[in-house]
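The values are calculated or read from the model by the stated rules, or taken from the named source; none is laboratory data. Being a predicted model, the structure only gives us computed values, none of them experimental. Cβ sites come from the backbone with ideal geometry, for glycine too, and all protein chains shown count toward neighbours. In case anyone asks, the SASA skips ligands and DNA or RNA and just uses the protein heavy atoms, side chains included. Shrake-Rupley method; radii C 1.70, N 1.55, O 1.52, S 1.80 Å.
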Amino acid sequence: MKPALDQKAAKKRIRRFFDEPMAERRAVGRFIDEVSVCADIFVFGGALRDISLLGAPSFSSDVDTVVQVHDSEAFMDICGRYEAVQNKFGGHRVRFGRWNFDVWEVSRTWAFAEGVVEAHSPLSLLETTFFNWDAILYDWRSGSLHYGQNYFSDLSQKYLELVLEDNPNAFGALVRTLRTLCLSDEILTGPRLSAFVVGGLEDISNEEILSYEAKGFSRKRLSETLLSDMRARALEWDQSNAFQWVPKRQLSLFDSFAS
């Protein structure tokens, strides 16, 4: 399946994900419909990116949603009926088959709560993501899709850049970045993300990075050899607008996404 690299195709693929009559997806759609009675609800970030890239059949990640609650009592009642548990971010997590469904209120978004980004509207969420690839939001009530500047062209060109560097877990953000760079030898990082990686590799050892990955992720992507190669590449960074971290190889995960 080819990546959906324009708004129309992505919106169709996202809608199909929630509408198809599989038991898990029906349950997700039913939950969102119930919540939308007492709150404005927005699907946000990596789930939309992955559905756009991989398509519904291949998607198996968590789904992040943000809500603007109008009736707190009704919202908490729904969370109780679906046996939601509080997650580490102060939101609620509901399990639907293979998917974790995380829900948090707009005001609890870290960048808003800390005053790093001003919350003019839920669309301000697009300014709070770490990666440009995560700056995408689907308004469930209106069916509208919103995204950052050059979003689909950046995906098409595999151009990865920082949106907001301020982060409550800079170490985790570095590991996530390194794991993302392993997805394809065609990924190019922008100057701000390249500087972040260079600085992170200067401050944190391979042992610490591999230990963090082992504890935080079920699937390993990084290795001592790969990290050593990236450190060598960091010495070659020339502050260019598009920097390649992973040597060219015959096949990348992006290639398998498109097949």
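Structure above, values below:
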{"quantity": "Surface accessible to a 1.4 Å probe, Arg233 within the full protein complex, Å²", "calculated": "60 Å²"}
{"quantity": "Förster-model FRET efficiency, 25 Å R0, Ala242 and Gln149, C-beta, rounded to 0.05", "calculated": "0.90"}
{"quantity": "Restraint check, Lys8/Lys88; Lys88/Lys248; Lys158/Lys215, Cα-Cα greater than 30 Å", "calculated": "Lys8/Lys88; Lys88/Lys248"}
{"quantity": "Degrees, to the nearest 10: 206-216 long Cα axis against longest axis of the chain", "calculated": "20 degrees"}
{"quantity": "Shape call, segment 180-239: gyration tensor on alpha carbons, a/c limit 1.5", "calculated": "prolate"}
{"quantity": "Exposed GluC sites (Glu not before Pro) absent: longest stretch of the chain, with sites in DSSP loops and at most 12 other Cβ within 10 Å deemed exposed", "calculated": "119-235"}
{"quantity": "Rounded if a/c under 1.5, otherwise prolate or oblate - segment 92-185, Cα gyration tensor axes", "calculated": "rounded"}
{"quantity": "Probe 1.4 Å - accessible area at Lys220, Å² to nearest ten", "calculated": "150 Å²"}
{"quantity": "Cross-link reach list, lysines versus Lys12, counting only Cα pairs under 21 Å and skipping chain neighbours closer than eight places", "calculated": "Lys2"}
